[in-house]
Structures are given as structure tokens and as C-alpha cells.
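I have a structure here, written as C-alpha cells, and I will follow up with some questions on it.
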Amino acid sequence: MSSAICEECGERFYPLKTKQADMIRRCAKGKWTELGIRCPRCHEYTMINPSAVVAGKDGTVVSKPQYRCPVSACDGFVDYIESRKKEDPFWGCGECGSIWYEKENLFKEIESIIKKFPYRKKCYRKSKGEWLPTALDKIPDDYEERVLDEPDDDSDEYVRG
């Protein structure tokens, strides 16, 4: 498995956690071109190309993640994934592996997590009836710590809608 350069700290890293490496391999099989993972050096999220990493090439991606994941106890990012195959596009979280095929279902889950944990609303803003991500600098500094204090999500399903 190859490496990538973290967008936040600029350091080259190799996925260290077994769970992270397994997720990268699964995403590469699915032809994902972007996946948000936590840098093992600075612990910030960065985007990688899982197919390139598995193929032994540089996995650095320059784009930024979109939504904060609306799953309880997950502090990951949800990105829109368009497959190169004839598979349906979807929104997916690189941290917990959750997938939404319908934008409306992602929005319902955002509304649900905001009801459970009102501080999470600072990650989103509503415009013309749709939830949009808030700029990263608007998210509270203690966001990740608060999310990790939440109870684990009780669903065993990765596909959430």
C-alpha cells in the first residue's frame, strides 16, 4: 500500500490503522476516487484516492471534504462519490463507512442528529430547503471531542438510505 500527503500538515503518511487500510481496500474495489481519512500524524482529516494508494501510487487528492457525518459518534466527512462503473452515485463517510444513495435520506439523518445533539447544527446550514455544509472554520474547536463522547450508533447497516 502506498502513501499520500496530508492536506492539513503537508506530511507524507501511510495508512497505519488496520481498520483504515481495510476501508481503503474496500473503497478501491468499488472504484472510489476520493475518501476522507484521519492523518496519523496531525489527526486532521485529509482526502486520498484509495485506488491509487492500493495500486502503489501517490494517493494525494487536492479536493476538500463536504458534510460532517451525521452518524452518532462519527466525526468523519461525507463526500459525494461518482463511480466509474455504471453504479449509482452516493454519499459516503470514509470514517464509519456509512452510505446514502438518496440525498433526502442524508438530510433526514442530518436533521435527526441535530435533534439529538443540538451543537451539531453548527456543522450545517439550510438554504432553499437543503442542508449545506458549514465552512470548517465555523465548526467549534471541541467538535471532535464532543462527537466522540456520543453513544455509538446502534445500526449494523452501512447503507443508511
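Consider the range 125-161. How many of its residues are part of a loop (DSSP other than H, G, I, E, B) and either on the phi > 0 side of the Ramachandran plot or of a type in the set (Asp, Glu) (or both)? First the steps, then the outcome.
First pass over the range 125-161, keeping only residues part of a loop (DSSP other than H, G, I, E, B): 128-129, 134-135, 139-142, 149-158, 160-161.
Those still in the list that are either on the phi > 0 side of the Ramachandran plot or of a type in the set (Asp, Glu) (or both) too: 128-129, 141-142, 149-150, 152-154, 156-157, 161.
Total meeting the criteria: 12.
Restrict the check to the range 19-40 and report whether at least one residue is within 13 Å of the chain's Cα centre (by Cα), under 22 Å from Pro133 (Cβ atoms), at pLDDT 75 or above and surrounded by fewer than 17 Cβ atoms within 10 Å (Cβ to Cβ).
no
So is Arg146 under 21 Å from His43 (Cβ atoms) and touching a residue at least 24 places away in the same chain (Cβ under 8 Å) or not? Spell out the reasoning first.
Values: under 21 Å from His43 (Cβ atoms): yes; touching a residue at least 24 places away in the same chain (Cβ under 8 Å): yes.
The answer is yes for Arg146.
The values are calculated or read from the model by the stated rules, or taken from the named source; none is laboratory data. All of these numbers come straight from a predicted model, not from anything done at the bench. Glycine also receives a Cβ, built like all others from the backbone with ideal geometry; neighbour counts cover every protein chain displayed.
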